[in-house]
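Report on the structure given below.
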Amino acid sequence: MEQKKRVAPKKVNAITFNGIKFVVEHSAKKNLQAFDLNGKTLWEIKLPKVSFNEDEEKDIQERYITKLCEEKKQLVAIDENKVKYIIDAKTGKILSKGIEKEKGLAKFLRTIFKQ
């Protein structure tokens with residue numbers, strides 16, 4: 001049995017807005033789900049979509065959502081690589097994708113240590 005090379009991702013708190021509950025579940029098939037207030041699944045997607053290199057272990061190539069929030073009445077998910085996804089809350093369609101800008105102390109420290 002192959003042993004995992006990385007630590008499991010931290011739990012991301014669910015959020016609710018516009019009558020929809022959004023849940024991050026770190027699994028192989030899906031990891032972002034939307035439910036109505038009665039618990040009915042509205043949609044589920046896998047973020048980020050990763051093309052795996054067969055020569056490397058799969059678990060070290062996986063990327064997980066680390067933050068889930070609402071910005072300007074839109075659902076936002078950010079992954080480990082600071083990729084920011086803006087998602088249509090009603091349909092689960094990815095509206096845009098880009099790198100999250102660092103702010104404050106994190107940006108300052110990265111500049112000093114060039115990481």
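Tabulated results
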item	result
In segment 59-107, the residues that are basic (Lys, Arg), modelled with pLDDT under 90 and part of a loop (DSSP other than H, G, I, E, B)	ARG63, LYS72, LYS73, LYS82, LYS101, LYS103
Close pairs (6 angstrom Cβ cut-off, 6 or more residues apart or separate chains): more than 13 Å from ALA77 (Cα to Cα) and of a type in the set (A, V, I, L, M, F, W, C) in segment 1-19, surrounded by 10 or more Cβ atoms within 10 Å (Cβ to Cβ) and at pLDDT 80 or above anywhere	PHE17/GLU70
Search result, residues across segment 15-33 that are at pLDDT 70 or above and among the charged types (D, E, K, R)	LYS21, GLU25
Enumeration of residues in segment 34-55 that are in a loop (DSSP other than H, G, I, E, B) and at pLDDT 70 or above	LEU37, ASN38, GLY39, LYS40, LYS46, LEU47, GLU54, ASP55
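The values are calculated or read from the model by the stated rules, or taken from the named source; none is laboratory data. Remember, it's a predicted structure, so these values are computed and weren't measured experimentally. Glycine gets a Cβ as well: all are built from the backbone with ideal geometry, and neighbour counts include every protein chain shown.
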